[in-house]
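Asker: The following block contains the structure, expressed as structure tokens.
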Amino acid sequence: MDENNNNYTDNSFNLYQAYSYTLLLLVEPTSFSYAVVYQNRLLVSAQNCDLDELAHPKQLSELLSATYKKVIIGLPATGLTLVPKKLFSDSLVADYARFLDVKENEKVFAQALDAENNIIYKTPGYIAAAVEKFGFQNAVYTAQGWIQAIIKSNPPSDNIYIEVGKSQVQLLNFSGRSLRFYNTFEFSHEDDLVYFTSVVAEELRLKPQSATLVLSGDISLDDKKMKRLAEFFPKMEINGIKVLELPGQIPSHKLLALAALSLCGSSEAH
């Protein structure tokens, strides 16, 4: 496996009790993170694991093959579209998916994203194959829990929420409790983050001086990404939302997207 970040195992963790635990899997294009949760308390977690370990477990064989009370898988998208629930129909999913230019080696999922929108998205076939053994009925869109957690915090309209992944960044904005903007972008450098954030702020008509960036994921107060963003956006903060009971050594913003999967239900695959 790759070098994992924020590895943690609670002393009380016992795989023989997996039937009472929840397994959370957050999948990215080339890696995945996992957590085992019991009654809102984190028991085990690791980030940036090699995706092949999910498809063909070796070191994690026992953990991934255990029988859990619940499994929730967050899947990434190579393309997505949002449809207001008032306009959504299961019978039209194939029509919606045409906008995504679905390839033969991609799988389409459709599910509720929030109270007002459904999401139709496609994910690579190799990722679908890696998680199929857990049941597609347990798959949700990667950001669903993160979005739900932020909605519950009554987000101000001048906040731009940013979740930084290993190679992808997600940007989110609300008007009241209604989703106003959401999109994902591939990035490889801190300048990419500045560019995409600036483009989104301009689209939302938020001036850099008045917008507040609320960051979570693979970012820290003193890292290059945070410092570079601060040159253009003077108002920034680390996302302080806590979804699970975490040990003191794990910053909650690092695990927010993964932990927030615990807020999700099941999806429907098409």
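The values are calculated or read from the model by the stated rules, or taken from the named source; none is laboratory data. Being a predicted model, the structure only gives us computed values, none of them experimental. As a convention, Cβ positions derive from the backbone with ideal geometry for all residues, glycine included, and neighbour counts pool all protein chains shown. All accessible areas refer to the heavy atoms of the entire protein, side chains included, with ligands and DNA or RNA removed. Shrake-Rupley method; radii C 1.70, N 1.55, O 1.52, S 1.80 Å.
Asker: Return yes or no: is ASP191 surrounded by fewer than 17 Cβ atoms within 10 Å (Cβ to Cβ), assigned to a helix (DSSP H, G or I) and charged (D, E, K, R)?
Answerer: yes
Asker: Looking at region 35-58, is at least one residue of a type outside the set (S, T, N, Q), closer than 21 Å to LEU255 by Cβ, in contact with a Cys (Cβ under 8 Å, 6 or more places away or on another chain) and modelled with pLDDT of 95 or more?
Answerer: Scanning region 35-58, I find no residue that is of a type outside the set (S, T, N, Q), closer than 21 Å to LEU255 by Cβ, in contact with a Cys (Cβ under 8 Å, 6 or more places away or on another chain) and modelled with pLDDT of 95 or more, so the answer is no.
Asker: Which of the residues spanning region 215-270 are in contact (Cβ under 8 Å) with a residue 40 or more places away in the chain, open to solvent by 30 Å² or more (accessible area, probe 1.4 Å), in contact with a helix residue (DSSP H, G or I) (Cβ under 7 Å, 6 or more places away or on another chain) and not in a helix (DSSP H, G or I)?
Answerer: Passing the criteria: ILE241, LEU246, SER266, ALA269, HIS270.
Asker: Here's another thing I want to ask about it. Considering only region 16-28, how many residues are open to solvent by 10 Å² or more (accessible area, probe 1.4 Å) and touching a helix residue (DSSP H, G or I) at 6+ places or on another chain (Cβ under 9 Å)?
Answerer: Looking only at that region, the number is 3.
Asker: What residue, of THR67, THR123, is of a type in the set (Val, Ile, Thr) and touching a strand residue (DSSP E or B) at 6+ places or on another chain (Cβ under 9 Å)?
Answerer: Within the list THR67, THR123, the selection yields THR123.
Asker: Sort out which residues of region 82-104 are assigned to a strand (DSSP E or B) and crowded, with 17+ Cβ neighbours inside 10 Å, and write them in order of number.
Answerer: Within region 82-104, LEU82, VAL83 qualify.
Asker: Now for a separate question. When region 129-138 is examined, which residues are found to be open to solvent by less than 20 Å² (accessible area, probe 1.4 Å) and more than 14 Å from GLU28 (Cβ to Cβ)?
Answerer: GLY135
Asker: Could you please find all residues in region 187-227 being charged (D, E, K, R) and within 26 Å of SER252 (Cβ to Cβ)?
Answerer: If the condition is that a residue be charged (D, E, K, R) and within 26 Å of SER252 (Cβ to Cβ), then GLU190, ASP192, ASP218, ASP222, ASP223, LYS224, LYS225, LYS227 are the ones that fit.
Asker: Name the residues in region 29-66 that are open to solvent by 50 Å² or more (accessible area, probe 1.4 Å), over 24 Å from LYS242 (Cα atoms), in a loop (DSSP other than H, G, I, E, B) and in contact (Cβ under 8 Å) with a residue 40 or more places away in the chain, would you?
Answerer: THR30, GLN59
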